[in-house]
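Remarks on the structure that follows.
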Amino acid sequence: MTARLPDPVLTDPEGTLLGLDFDGTLAPIVEDPQRAFIHPGSLAALCRLGSRLGQIAIITGRPLDQVRRLGRFEASGGLDHLVICGQYGAERWDASTGVISRPPQPESVAELERRLPRWLAEHDAEAVRLENKGLALALHTRGVAPGLLDELAGPLKALADELGLAIEPGRQVIELRAPGTNKGDALLGLVEQTQARQIVFAGDDLGDLPAFDAVDALRADGHWGHLVCSASVEQQALVPRSDLVLDGPDDVAAWLTELADALA
Ligand SMILES: O=P(O)(O)OC[C@H]1O[C@H](O[C@H]2O[C@H](CO)[C@@H](O)[C@H](O)[C@H]2O)[C@H](O)[C@@H](O)[C@@H]1O
């Protein structure tokens, strides 16, 4: 065993659930969210791990269809044990069955969609780039308006409260989204379904904290858990919570490759 590869996973891969965030963990952060493709090293390693680990789950704030496209999973073999939980667990795609579950857009998000262009104009925030995810609208400032989100955070929280939406802050983004799901509940649901004995989760941003909390709760309940941070200068909140700190998506790809090699 090396420090990067935990023994319980190496000795019982079939009993292991590997949960992974997408942006900033499997995919490098880029300016255009539509161009954030999975790191090729991570994709290759996941294809090898797919037949060795009991379950691989990508648990992401992204909509399912985006992650399926940016992850290039369907063009790749060996991923029968992959599940994608999109939009913080509200959507799900199971590679083994092809079954998709996806709730309809709530009226509160439709109302936000109607109001937001005018709201941004009234707040001198037209520079913000909007990403419409169906169950959420994300306001991005990467490359266009650094610092603007700090000013908008309070008014956006008031708007979210008025519409009954949840606020999800992230790396140069704030989302207003349908409430009721989070990455922690998505992970706990998968543990119950798969009866996994070892749970590993890797993430990079604030939206991953509920999954970190879930792993801590599972550990308190007798499971073996391992928390991995894909670190960045931009977001360090996960570092003190993590058992292993990796140097961003390149290092995540190297770590997944080491794991695939060890289990080959
Ligand atoms: O849960 P995740 O898989 O980490 O998704 C969280 C959000 O990630 C995306 O935004 C982030 O990545 C973009 C592409 O690299 C980057 O431009 C942006 O600044 C980051 O915040 C995505 O666009 C959001 O919808 C996700 O919710």
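Multiply the residue gap between residue 236 and residue 166 by 0.36 nm, knock off their C-alpha separation, and tell me the result in nm, one decimal place. Length gained between residue 236 and residue 166: 22.9 nm. Given in Å, the Rg to one decimal and the Dmax to the nearest whole number for the Cα atoms of segment 141-264 are 16.9, 53. Full extension of the chain segment joining residue 99 with residue 245 gains 49.2 nm, where the gain is 0.36 nm per residue of separation less the Cα-Cα distance. Each label was represented as a point 7 Å from its Cα along the Cα-to-Cβ direction; for residue 4 and residue 37 these points are 2.4 nm apart. At a threshold of 8 angstrom on Cα-Cα distance, excluding pairs fewer than six apart, so keeping six or more, what relative contact order does segment 107-177 reach in percent? Reported relative contact order: 32 percent. Neighbour counting of Cβ atoms within 10 Å sorts the residues 148, 10, 18, 259, fewest neighbours leading, into 10, 148, 259, 18. For the chain, adding -39500 (n - 2.57) for each run of n ≥ 4 DSSP H residues and dividing by the number of residues yields -11000 deg cm²/dmol at 222 nm.
Placing a label point 7 Å from the Cα of residue 209 along the Cα-to-Cβ direction, the residues of segment 231-264 whose backbone N falls under 20 Å of that point are 231-246. Of 157, 183, 133, the sequence from fewest to most neighbouring Cβ atoms within 10 angstrom is 157, 133, 183.
When you restrict to C-alpha pairs under 8 Å that are six or more residues apart and normalise by the size of segment 16-167, the relative contact order lands at 16 percent. Of the GluC sites (Glu not before Pro) found in segment 15-103, the ones in coil according to DSSP and having at most 13 other Cβ atoms within 10 Å of their Cβ are 31, 74. Applying both filters, DSSP loop and at most 16 other Cβ atoms within 10 Å, to the GluC sites (Glu not before Pro) of segment 94-150 gives 126.
Counting other Cβ atoms within 10 Å, keep those with at most 13, restrict to DSSP loop, and tell me which trypsin sites (Lys or Arg not before Pro) in segment 34-85 are left. Mind dumping the intermediate values first?
Numbers: sites: 35, 48, 52, 68, 69, 72; in loops: 52, 72.
Qualifying residues, ordered by number: 72.
The angle between the Cα long axis of helix 248-263 and the longest principal axis of the Cα atoms of the chain comes to about 20 degrees, rounded to the nearest 10. Our summary gives the chain a relative contact order of 23 percent, counting only alpha carbon pairs under 8 angstrom and 6 or more residues apart. Mean projected area of the convex hull spanned by the Cα atoms of the chain, taken over all viewing directions: 13.3 nm².
Coordinate-derived values only; no laboratory data. The structure presented is a predicted model; accordingly, all values stated were derived computationally and were not measured. In this analysis, Cβ positions are derived from the backbone assuming ideal geometry, glycine residues included, and neighbour counts consider all displayed protein chains.
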